[in-house]
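Quick notes on the structure that follows.
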Amino acid sequence: MKRILVTGGAGFIGSHLCEKLVSEGNDVICLDNFYTGSKENVWHLLGEHNFEIVRHDVCQPYWAEVDEIYNLACPASPVYYQNDPIQTTKTSVFGAYHMLGLARRTKCKILQTSTSEVYGDPAVHPQPESYWGNVNTIGIRSCYDEGKRCAETMFFDYHRLHGVRIKVIRIFNTYGPRMAANDGRVVSNFIMQALRGEDITIYGDGTQTRSFQYVSDLIDGMTRMMASDDDFLGPVNIGNPGEFTMLELAEKVIAMTGSKSKIIFRPLPSDDPKKRRPDISLAKEKLDWEPKVKLDEGLAKTIEYFKTKI
Ligand SMILES: NC(=O)c1ccc[n+]([C@@H]2O[C@H](COP(=O)([O-])OP(=O)(O)OC[C@H]3O[C@@H](n4cnc5c(N)ncnc54)[C@H](O)[C@@H]3O)[C@@H](O)[C@H]2O)c1
(Lines give C-alpha, C1' and ligand atoms only; values in the text may rest on other atoms or scores of the structure.)
Protein backbone atom coordinates (compact mmCIF):
# COMPACT_ATOMS: atom_id res chain seq x y z
CA MET A 1 0.00 0.00 0.00
CA LYS A 2 1.30 3.44 -0.96
CA ARG A 3 0.39 6.83 0.49
CA ILE A 4 -0.60 8.92 -2.49
CA LEU A 5 -1.40 12.63 -2.68
CA VAL A 6 -3.68 13.75 -5.52
CA THR A 7 -3.89 17.55 -5.86
CA GLY A 8 -7.06 18.61 -7.69
CA GLY A 9 -8.46 15.24 -6.65
CA ALA A 10 -12.07 16.47 -6.50
CA GLY A 11 -12.05 17.58 -10.14
CA PHE A 12 -13.16 15.69 -13.22
CA ILE A 13 -9.94 13.70 -13.87
CA GLY A 14 -8.79 13.71 -10.24
CA SER A 15 -11.95 11.98 -9.04
CA HIS A 16 -11.48 9.11 -11.51
CA LEU A 17 -7.82 8.82 -10.48
CA CYS A 18 -8.70 8.77 -6.75
CA GLU A 19 -11.31 6.09 -7.46
CA LYS A 20 -8.75 3.84 -9.14
CA LEU A 21 -6.04 4.40 -6.52
CA VAL A 22 -8.47 3.75 -3.64
CA SER A 23 -9.80 0.57 -5.31
CA GLU A 24 -6.21 -0.72 -5.55
CA GLY A 25 -5.89 -0.36 -1.76
CA ASN A 26 -3.67 2.74 -1.64
CA ASP A 27 -3.99 5.34 1.11
CA VAL A 28 -5.20 8.40 -0.83
CA ILE A 29 -5.21 12.07 0.18
CA CYS A 30 -7.39 14.15 -2.11
CA LEU A 31 -6.30 17.79 -1.80
CA ASP A 32 -8.52 20.45 -3.39
CA ASN A 33 -9.73 24.03 -2.93
CA PHE A 34 -13.01 23.18 -4.75
CA TYR A 35 -12.64 26.00 -7.27
CA THR A 36 -13.86 23.83 -10.16
CA GLY A 37 -14.05 20.48 -8.38
CA SER A 38 -16.73 19.37 -5.94
CA LYS A 39 -17.24 17.03 -3.02
CA GLU A 40 -20.00 15.41 -5.04
CA ASN A 41 -17.35 14.02 -7.43
CA VAL A 42 -15.75 12.00 -4.62
CA TRP A 43 -18.82 11.54 -2.39
CA HIS A 44 -18.85 7.81 -3.09
CA LEU A 45 -15.29 7.46 -1.74
CA LEU A 46 -15.86 9.28 1.54
CA GLY A 47 -16.79 6.17 3.51
CA GLU A 48 -13.61 4.32 2.47
CA HIS A 49 -11.04 3.90 5.24
CA ASN A 50 -8.20 4.60 2.79
CA PHE A 51 -9.54 7.93 1.45
CA GLU A 52 -9.49 11.43 2.92
CA ILE A 53 -10.16 14.95 1.64
CA VAL A 54 -8.13 18.01 2.56
CA ARG A 55 -9.36 21.52 1.70
CA HIS A 56 -6.21 23.38 0.70
CA ASP A 57 -4.93 25.77 -1.96
CA VAL A 58 -1.69 24.58 -3.63
CA CYS A 59 -0.53 28.21 -3.79
CA GLN A 60 0.32 27.61 -0.11
CA PRO A 61 2.86 24.99 1.07
CA TYR A 62 1.50 21.63 2.20
CA TRP A 63 3.22 18.94 4.21
CA ALA A 64 2.45 15.19 4.40
CA GLU A 65 4.43 11.95 4.37
CA VAL A 66 3.68 10.45 0.97
CA ASP A 67 5.18 7.99 -1.52
CA GLU A 68 3.73 9.51 -4.69
CA ILE A 69 2.20 12.83 -5.76
CA TYR A 70 -0.08 13.36 -8.76
CA ASN A 71 -0.24 17.13 -9.35
CA LEU A 72 -3.55 17.94 -11.05
CA ALA A 73 -4.65 21.11 -9.26
CA CYS A 74 -5.48 23.73 -11.90
CA PRO A 75 -8.73 24.71 -13.60
CA ALA A 76 -8.70 23.20 -17.10
CA SER A 77 -11.65 24.86 -18.79
CA PRO A 78 -11.08 28.25 -20.47
CA VAL A 79 -14.18 29.76 -18.81
CA TYR A 80 -12.74 29.10 -15.35
CA TYR A 81 -9.03 29.57 -15.98
CA GLN A 82 -9.72 32.94 -17.67
CA ASN A 83 -12.05 34.05 -14.87
CA ASP A 84 -9.03 34.79 -12.64
CA PRO A 85 -5.96 34.47 -14.87
CA ILE A 86 -3.51 35.58 -12.19
CA GLN A 87 -4.74 32.86 -9.85
CA THR A 88 -4.40 30.35 -12.75
CA THR A 89 -0.73 31.20 -13.31
CA LYS A 90 -0.12 31.13 -9.55
CA THR A 91 -1.82 27.74 -9.23
CA SER A 92 0.32 26.23 -11.98
CA VAL A 93 3.62 27.78 -10.94
CA PHE A 94 3.38 28.05 -7.13
CA GLY A 95 1.50 24.74 -7.05
CA ALA A 96 4.33 23.02 -8.93
CA TYR A 97 6.90 24.74 -6.69
CA HIS A 98 5.23 23.62 -3.45
CA MET A 99 4.60 20.07 -4.62
CA LEU A 100 8.17 19.74 -5.94
CA GLY A 101 9.44 20.96 -2.55
CA LEU A 102 7.36 18.27 -0.86
CA ALA A 103 8.63 15.62 -3.31
CA ARG A 104 12.20 16.70 -2.65
CA ARG A 105 11.83 16.43 1.13
CA THR A 106 9.96 13.11 1.08
CA LYS A 107 12.03 11.71 -1.83
CA CYS A 108 8.81 10.58 -3.48
CA LYS A 109 7.85 10.35 -7.15
CA ILE A 110 5.83 13.25 -8.56
CA LEU A 111 3.77 13.33 -11.74
CA GLN A 112 2.79 16.61 -13.40
CA THR A 113 -0.36 16.80 -15.53
CA SER A 114 0.83 19.11 -18.27
CA THR A 115 -1.20 19.76 -21.37
CA SER A 116 -1.30 19.79 -25.15
CA GLU A 117 -1.76 23.57 -24.73
CA VAL A 118 2.03 23.79 -24.35
CA TYR A 119 2.08 23.30 -28.16
CA GLY A 120 -0.15 26.40 -28.59
CA ASP A 121 -1.50 26.82 -32.13
CA PRO A 122 0.85 24.18 -33.52
CA ALA A 123 2.86 24.59 -36.72
CA VAL A 124 3.65 20.84 -36.65
CA HIS A 125 0.91 18.25 -37.03
CA PRO A 126 0.42 15.79 -35.35
CA GLN A 127 2.39 17.03 -32.33
CA PRO A 128 5.37 14.97 -31.10
CA GLU A 129 6.94 15.74 -27.70
CA SER A 130 10.01 17.12 -29.49
CA TYR A 131 7.96 20.04 -30.91
CA TRP A 132 8.55 23.17 -28.82
CA GLY A 133 5.22 24.81 -29.56
CA ASN A 134 3.78 28.07 -30.85
CA VAL A 135 2.37 29.89 -27.85
CA ASN A 136 1.30 33.53 -27.42
CA THR A 137 2.84 34.81 -24.17
CA ILE A 138 0.38 37.69 -23.67
CA GLY A 139 -3.02 36.43 -24.83
CA ILE A 140 -6.10 35.45 -22.86
CA ARG A 141 -5.08 31.76 -22.85
CA SER A 142 -1.48 32.48 -21.80
CA CYS A 143 -2.17 32.25 -18.05
CA TYR A 144 -2.89 28.56 -18.55
CA ASP A 145 -0.51 27.72 -21.43
CA GLU A 146 2.49 29.59 -20.03
CA GLY A 147 1.71 28.53 -16.45
CA LYS A 148 1.87 24.90 -17.54
CA ARG A 149 5.04 25.50 -19.59
CA CYS A 150 6.74 27.13 -16.61
CA ALA A 151 5.66 24.22 -14.39
CA GLU A 152 7.32 21.77 -16.83
CA THR A 153 10.52 23.86 -16.68
CA MET A 154 10.50 23.79 -12.90
CA PHE A 155 9.95 20.03 -12.84
CA PHE A 156 13.02 19.43 -15.00
CA ASP A 157 15.14 21.90 -13.02
CA TYR A 158 14.20 20.21 -9.73
CA HIS A 159 15.23 16.92 -11.32
CA ARG A 160 18.57 18.27 -12.60
CA LEU A 161 19.43 20.24 -9.45
CA HIS A 162 17.95 18.11 -6.66
CA GLY A 163 17.43 14.68 -8.23
CA VAL A 164 13.64 14.79 -7.70
CA ARG A 165 11.96 11.76 -9.30
CA ILE A 166 9.73 13.54 -11.82
CA LYS A 167 7.23 12.37 -14.44
CA VAL A 168 5.55 14.72 -16.91
CA ILE A 169 2.57 13.85 -19.09
CA ARG A 170 0.96 16.12 -21.68
CA ILE A 171 -2.76 15.43 -21.69
CA PHE A 172 -4.83 16.04 -24.82
CA ASN A 173 -8.60 16.84 -24.69
CA THR A 174 -10.24 14.40 -22.30
CA TYR A 175 -13.94 13.90 -21.68
CA GLY A 176 -16.25 11.66 -19.67
CA PRO A 177 -18.62 11.55 -16.69
CA ARG A 178 -18.06 14.21 -13.97
CA MET A 179 -17.00 16.94 -16.36
CA ALA A 180 -18.79 20.02 -15.03
CA ALA A 181 -21.93 20.64 -17.06
CA ASN A 182 -21.31 24.41 -17.21
CA ASP A 183 -17.58 24.49 -17.82
CA GLY A 184 -17.74 25.51 -21.48
CA ARG A 185 -15.61 22.64 -22.80
CA VAL A 186 -16.75 21.45 -26.18
CA VAL A 187 -17.96 17.93 -25.33
CA SER A 188 -19.96 18.98 -22.25
CA ASN A 189 -21.28 22.07 -24.10
CA PHE A 190 -22.55 20.13 -27.11
CA ILE A 191 -24.12 17.35 -25.02
CA MET A 192 -25.89 19.75 -22.63
CA GLN A 193 -27.15 21.91 -25.51
CA ALA A 194 -28.40 18.82 -27.37
CA LEU A 195 -30.12 17.37 -24.30
CA ARG A 196 -31.84 20.69 -23.57
CA GLY A 197 -32.85 21.10 -27.24
CA GLU A 198 -30.90 24.38 -27.43
CA ASP A 199 -28.86 25.56 -30.43
CA ILE A 200 -25.44 23.93 -30.58
CA THR A 201 -22.78 26.64 -30.69
CA ILE A 202 -19.74 26.12 -32.86
CA TYR A 203 -17.03 28.76 -32.59
CA GLY A 204 -15.49 29.46 -36.02
CA ASP A 205 -16.58 27.57 -39.13
CA GLY A 206 -16.41 24.15 -37.48
CA THR A 207 -13.45 22.89 -39.52
CA GLN A 208 -10.99 23.19 -36.64
CA THR A 209 -10.05 19.75 -35.30
CA ARG A 210 -9.52 18.16 -31.91
CA SER A 211 -8.82 14.65 -30.67
CA PHE A 212 -10.95 13.33 -27.83
CA GLN A 213 -9.74 10.90 -25.21
CA TYR A 214 -12.08 9.03 -22.87
CA VAL A 215 -11.13 9.49 -19.22
CA SER A 216 -10.46 5.78 -18.44
CA ASP A 217 -7.76 5.69 -21.14
CA LEU A 218 -6.09 8.72 -19.59
CA ILE A 219 -6.13 7.22 -16.08
CA ASP A 220 -4.53 4.05 -17.47
CA GLY A 221 -1.79 6.09 -19.21
CA MET A 222 -1.23 8.26 -16.15
CA THR A 223 -0.79 5.37 -13.72
CA ARG A 224 1.47 3.50 -16.18
CA MET A 225 3.63 6.61 -16.37
CA MET A 226 3.88 6.81 -12.58
CA ALA A 227 4.86 3.11 -12.45
CA SER A 228 7.47 3.40 -15.23
CA ASP A 229 11.23 3.34 -14.60
CA ASP A 230 12.69 6.36 -12.82
CA ASP A 231 14.86 7.17 -15.85
CA PHE A 232 11.81 7.84 -18.05
CA LEU A 233 10.82 11.40 -17.13
CA GLY A 234 8.70 12.37 -20.14
CA PRO A 235 7.24 14.64 -21.29
CA VAL A 236 4.98 12.08 -22.92
CA ASN A 237 1.76 12.75 -24.85
CA ILE A 238 -1.33 10.96 -23.52
CA GLY A 239 -4.24 11.43 -25.90
CA ASN A 240 -6.36 9.79 -28.54
CA PRO A 241 -5.04 10.32 -32.07
CA GLY A 242 -8.51 10.06 -33.65
CA GLU A 243 -9.12 13.53 -35.11
CA PHE A 244 -12.57 15.11 -35.61
CA THR A 245 -13.80 18.51 -36.76
CA MET A 246 -16.10 20.43 -34.43
CA LEU A 247 -18.84 20.02 -37.02
CA GLU A 248 -18.43 16.21 -37.01
CA LEU A 249 -18.58 16.16 -33.21
CA ALA A 250 -21.71 18.32 -33.13
CA GLU A 251 -23.45 16.11 -35.71
CA LYS A 252 -22.48 12.97 -33.79
CA VAL A 253 -23.87 14.37 -30.53
CA ILE A 254 -27.14 15.39 -32.22
CA ALA A 255 -27.52 11.90 -33.73
CA MET A 256 -26.68 10.07 -30.48
CA THR A 257 -29.02 12.16 -28.31
CA GLY A 258 -31.82 12.17 -30.91
CA SER A 259 -31.94 15.94 -30.39
CA LYS A 260 -33.75 18.49 -32.57
CA SER A 261 -31.05 21.12 -31.85
CA LYS A 262 -29.73 23.23 -34.72
CA ILE A 263 -26.06 24.11 -35.22
CA ILE A 264 -25.19 27.82 -35.09
CA PHE A 265 -21.83 29.49 -35.68
CA ARG A 266 -20.13 32.19 -33.56
CA PRO A 267 -16.76 34.01 -33.98
CA LEU A 268 -13.67 32.03 -32.94
CA PRO A 269 -12.10 33.23 -29.64
CA SER A 270 -8.54 34.54 -29.94
CA ASP A 271 -5.62 32.08 -29.97
CA ASP A 272 -7.95 29.09 -30.43
CA PRO A 273 -5.77 26.36 -32.00
CA LYS A 274 -6.89 25.21 -35.46
CA LYS A 275 -5.63 21.64 -35.20
CA ARG A 276 -4.74 19.23 -32.43
CA ARG A 277 -3.71 15.61 -32.62
CA PRO A 278 -1.16 13.79 -30.46
CA ASP A 279 1.67 11.74 -31.82
CA ILE A 280 1.59 8.90 -29.27
CA SER A 281 4.57 6.83 -30.53
CA LEU A 282 6.55 7.56 -27.35
CA ALA A 283 3.73 6.41 -25.03
CA LYS A 284 3.35 3.22 -27.08
CA GLU A 285 7.08 2.51 -26.91
CA LYS A 286 7.78 3.43 -23.29
CA LEU A 287 4.48 2.66 -21.55
CA ASP A 288 3.01 0.03 -23.88
CA TRP A 289 -0.05 2.29 -23.84
CA GLU A 290 -2.62 3.35 -26.38
CA PRO A 291 -6.26 4.43 -26.00
CA LYS A 292 -8.92 1.73 -26.27
CA VAL A 293 -12.26 3.56 -26.01
CA LYS A 294 -13.79 4.69 -29.33
CA LEU A 295 -15.48 8.10 -29.50
CA ASP A 296 -18.99 6.64 -29.94
CA GLU A 297 -18.58 4.38 -26.89
CA GLY A 298 -17.21 7.15 -24.68
CA LEU A 299 -19.80 9.67 -25.85
CA ALA A 300 -22.62 7.22 -25.07
CA LYS A 301 -21.39 6.88 -21.44
CA THR A 302 -20.93 10.64 -21.13
CA ILE A 303 -24.41 11.37 -22.52
CA GLU A 304 -25.91 8.95 -19.95
CA TYR A 305 -24.11 10.85 -17.20
CA PHE A 306 -25.29 14.27 -18.38
CA LYS A 307 -28.87 13.03 -18.61
CA THR A 308 -28.75 12.72 -14.81
CA LYS A 309 -27.69 16.40 -14.57
CA ILE A 310 -30.61 17.86 -16.53
N1 LIG B 1 -9.49 17.67 -19.06
C2 LIG B 1 -8.60 17.84 -20.01
O3 LIG B 1 -8.93 17.68 -21.20
C4 LIG B 1 -7.17 18.22 -19.69
C5 LIG B 1 -6.27 18.39 -20.74
C6 LIG B 1 -4.97 18.73 -20.46
C7 LIG B 1 -4.54 18.87 -19.15
N8 LIG B 1 -5.44 18.68 -18.14
C9 LIG B 1 -4.95 18.90 -16.76
O10 LIG B 1 -5.44 17.90 -15.89
C11 LIG B 1 -5.69 18.47 -14.60
C12 LIG B 1 -7.12 18.14 -14.17
O13 LIG B 1 -8.03 18.66 -15.14
P14 LIG B 1 -9.60 18.45 -15.04
O15 LIG B 1 -10.11 18.37 -16.41
O16 LIG B 1 -9.90 17.38 -14.07
O17 LIG B 1 -10.03 19.90 -14.48
P18 LIG B 1 -10.95 20.26 -13.22
O19 LIG B 1 -11.11 21.74 -13.27
O20 LIG B 1 -12.17 19.41 -13.22
O21 LIG B 1 -10.04 19.82 -11.99
C22 LIG B 1 -9.06 20.66 -11.43
C23 LIG B 1 -9.16 20.52 -9.91
O24 LIG B 1 -8.15 21.35 -9.31
C25 LIG B 1 -8.75 22.08 -8.24
N26 LIG B 1 -7.98 23.31 -8.06
C27 LIG B 1 -7.91 24.38 -8.89
N28 LIG B 1 -7.09 25.31 -8.37
C29 LIG B 1 -6.63 24.81 -7.19
C30 LIG B 1 -5.77 25.30 -6.19
N31 LIG B 1 -5.18 26.51 -6.29
N32 LIG B 1 -5.51 24.52 -5.12
C33 LIG B 1 -6.09 23.30 -4.99
N34 LIG B 1 -6.94 22.79 -5.90
C35 LIG B 1 -7.19 23.54 -6.99
C36 LIG B 1 -10.18 22.33 -8.69
O37 LIG B 1 -11.06 22.65 -7.65
C38 LIG B 1 -10.51 20.99 -9.36
O39 LIG B 1 -11.00 20.07 -8.43
C40 LIG B 1 -5.44 19.98 -14.71
O41 LIG B 1 -4.16 20.26 -14.21
C42 LIG B 1 -5.48 20.22 -16.20
O43 LIG B 1 -4.66 21.30 -16.58
C44 LIG B 1 -6.75 18.38 -18.38
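Details
- With all protein chains kept in place, the per residue accessible area of the chain amounts to 44 square angstrom at a probe of 1.4 angstrom.
- Shape of the chain, Cα gyration tensor, a/c cut at 1.5: prolate
- Dipole of the range 152-295, positive end: most advanced residue of 209, 254, 175 [Cβ charges, Cα centre]: 254
- Extending 7 Å from the Cα toward the beta-carbon at both residue 52 and residue 84 defines two label points whose distance is 2.6 nm.
- Summary value for the chain: 17 percent relative contact order, contacts being C-alpha pairs under 8 angstrom separated by 6+ residues.
- Residue of 290, 152, 117 that the Gaussian network model of the chain assigns the largest fluctuation, springs spanning Cα pairs under 10 Å: 290
- Between residue 232 and residue 256, the simple spin-label model (points 7 angstrom out along Cα→Cβ) gives 2.9 nm.
- When only the Cβ of Lys, Arg, Asp and Glu is charged (+1, +1, -1, -1), the dipole of the chain relative to its Cα centre reaches about 240 debye.
- Segment residue 160..residue 140, full-extension length gain: 4.0 nm, with 0.36 nm per residue of separation and the alpha-carbon distance subtracted.
- Among the listed pairs 260/284; 20/107; 252/286, those whose Cα-Cα separation exceeds 30 Å are 260/284; 252/286.
- In a reduced charge model with +1 at each Lys and Arg Cβ and -1 at each Asp and Glu Cβ, the range 82-187 shows a dipole moment near 640 debye about its Cα centre.
- Expected 222 nm ellipticity per residue - DSSP helices of 4 or more, -39500 (n - 2.57), all of the chain, to 500: -11500 deg cm²/dmol
- Taking 118, 79, 54 and ordering them by how much accessible surface each has at a 1.4 Å probe, largest first, produces 79, 54, 118.
- 16 Å reach of a label modelled at residue 265, 7 Å along Cα-to-Cβ, counting backbone N of the range 235-251: 245-251
- Here the accessible area is traced with a 1.4 Å probe on the protein chains. For the range 252-310, carbon and sulfur cover 53 percent of it.
- Largest-first principal axis extents of the Cα set of the range 66-120 (Å): 35, 20, 15
- Within the same chain, aspartates and glutamates fewer than 8 places from residue 109 are excluded, and of the rest, those with a Cα less than 17 Å from its Cα are 27, 65, 67, 68, 152, 157, 229, 230, 231.
- Amide H contacts of residue 277 (H built 1.01 Å from N, under 5 Å, at least 5 apart or other chain): 127
- Here the Gaussian network model covers the chain, with springs between Cα atoms less than 10 Å apart; of 185, 55, 210, 55 fluctuates the most.
The values are calculated or read from the model by the stated rules, or taken from the named source; none is laboratory data. No experiment lies behind these values; they were computed from the predicted model shown. In this analysis, Cβ positions are derived from the backbone assuming ideal geometry, glycine residues included, and neighbour counts consider all displayed protein chains. Ligands, DNA and RNA are stripped out before the accessible areas are found, and what is left, the full protein with its side chains, is counted by its heavy atoms. Shrake-Rupley method; radii C 1.70, N 1.55, O 1.52, S 1.80 Å.
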